[in-house]
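Here the structure comes first, spelled out in C-alpha cells, and everything after it is commentary.
The values are calculated or read from the model by the stated rules, or taken from the named source; none is laboratory data. Remember, predicted model here, so these are calculated numbers, not experimental data. Ideal geometry is used to build each Cβ from the backbone, glycine not excepted, and the neighbour counts take in all protein chains shown. Calculation scope for accessible area: heavy atoms of the full protein, side chains included, ligands and nucleic acids excluded. Shrake-Rupley method; radii C 1.70, N 1.55, O 1.52, S 1.80 Å.
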Amino acid sequence: MLAACIGGTMLFGGCAGEEKKDAKTETAVSEEDGKEASEGNDKVASSDEMIEAVDVVEEGMEPISGSDIKDGTYAVTVESSSAMFPVESCELTVADGKMTAVMHMGGTGYLYLYMGTGAEAAEASEDDYIPYVETEDGIHTFEVPVEALDQGIDCAAFSKRKEKWYDRKLLFRADSLPVDAFSDQVLTTADSLGLSDGTYTAEVTLAGGSGRATVESPATLTVKGGQVTAEIVWSSSNYDYMLVGEEKYLPVNTEGNSAFDIPVAVFDWKIPVKADTTAMSEAHEIEYTLKFDSSSVKAAE
C-alpha cells in the first residue's frame, strides 16, 4: 500500500521523516534553459548551486509519442541530467495514446516535482506540483506525465533540505521497451526497408560489458522469408553461447574467434543480448547491446 507524505506539510517548511541519503551541495553549472530566469529568484537554485548537467538526448534521436506505442505497462529506462536526481527504475503506462510513468527514486531528498523549469515552478500554483508517494519499503516515487520518449523533458525538483527548485532534464528511452510494444511501421525492419531474400552487410555497433570486447563490422546479414539473421563474430574465442531474449544460440564455428548466427528483428535499435564468456575463473554472462545501422545495409559482394 502506498502512502503520500503531503498532509499537513508546508511547501517551503520541510517534511516529516529523515532522508535516507543526505543530499550533497550542488556546486557547478546547470542547464542553460531557464538559467537567466532563475538568477535572483530565491526559490530557484542558481547555476553555482548545481552540478554540471549531462546532455541526456543523443544525436539522431526522434521523439516517439504515445500513439506509436501499444497500450500497456512497460519497464522503461529513465536518464536524468543530474547525478543528484537518480531514477532507479520506472514503469511506463500507455493508454489511448497518453503516457504516464511512475519513477522510483534513488533518494528521498525531494518533496515535489513540476513538469517544467524551476522558474515556472516558482510561479505556478501548488495544485500543479506532483508530491512524492512513499512505498511500504520507504522508496519515494513520483507519477509524471510523459510527453514523448527519446525527448528531453523539463522537470523541476523541489529540495527538502535546500527548499529550492532544481532544474532537471529527463529522457525516457524508447529502446528500453520491447520491440513488440511499438505499433506497426514505427520501427525499421527488413520489410520496411524492402529487403528481398539474399545476403547483405550492415554496420553494427556493440555497447556494454567492460568495453574491451568488440564485434566485426560490417556484419553479414541473411534475409529469408522476411526474417533477418546476422553473423556476429567476436574479438575473442572465449564466448560459448549468446542469449537473445530467452533463446540460446551456440557458436557456428569450432576454430577462431567465437561466431554466432542471431536474429535481427529491428534496425537502428539497441538490441539487448547476453554473451557467456569462459575467459574468467568461472563462466559469466555479460550484458551487451547490438545496433544495426539501416543506412549502411547493402548487398553483399
*Sort out which residues of the stretch 145-165 are open to solvent by less than 40 Å² (accessible area, probe 1.4 Å), farther than 17 Å from Tyr132 by Cα and not β-branched (Val, Ile, Thr), and write them in order of number.*
Ala148, Leu149, Asp150, Gly152
*Selection from the stretch 246-267 of residues that are within 23 Å of Arg173 (Cβ to Cβ) and open to solvent by 60 Å² or more (accessible area, probe 1.4 Å)*: Glu246, Ala265
*Within the stretch 216-270, how many residues turn out to be under 16 Å from Thr188 (Cα atoms), out of contact with any Leu (no Cβ under 6 Å at 6 or more places or on another chain) and part of a loop (DSSP other than H, G, I, E, B)?*
6
_Matching residues in the stretch 61-92 - criterion: being in contact with a Phe, Trp or Tyr (Cβ under 8 Å, 6 or more places away or on another chain) and polar (S, T, N, Q)_ = Thr77, Ser82
_Within the stretch 241-290, tally of residues that are among the basic types (Lys, Arg) and either within 19 Å of Ser210 (Cβ to Cβ) or under 19 Å from the mean Cα position of the chain (by Cα) (or both)_ = 2
*Confirm whether Glu79 is of a type in the set (D, E, K, R), part of a strand (DSSP E or B) and open to solvent by 50 Å² or more (accessible area, probe 1.4 Å).*
yes
*Filtered residues of the stretch 155-189 (kept if out of contact with any Lys or Arg (no Cβ under 8 Å at 6 or more places or on another chain) and hydroxyl-bearing (Ser, Thr, Tyr))*: Ser159, Tyr166, Ser176, Thr188, Thr189
*Somewhere in the stretch 197-205, is a residue within 25 Å of Leu149 (Cβ to Cβ), open to solvent by less than 60 Å² (accessible area, probe 1.4 Å), out of contact with any Gly (no Cβ under 9 Å at 6 or more places or on another chain) and modelled with pLDDT under 95?*
no
*Starting from the stretch 268-286, keep only residues that are touching a residue at least 60 places away in the same chain (Cβ under 8 Å) and open to solvent by 70 Å² or more (accessible area, probe 1.4 Å), then list their pairs with residues that are in a strand (DSSP E or B) and among the small types (Gly, Ala, Ser) whose Cβ atoms are within a distance under 9 Å, requiring at least 6 positions of separation or different chains.*
none
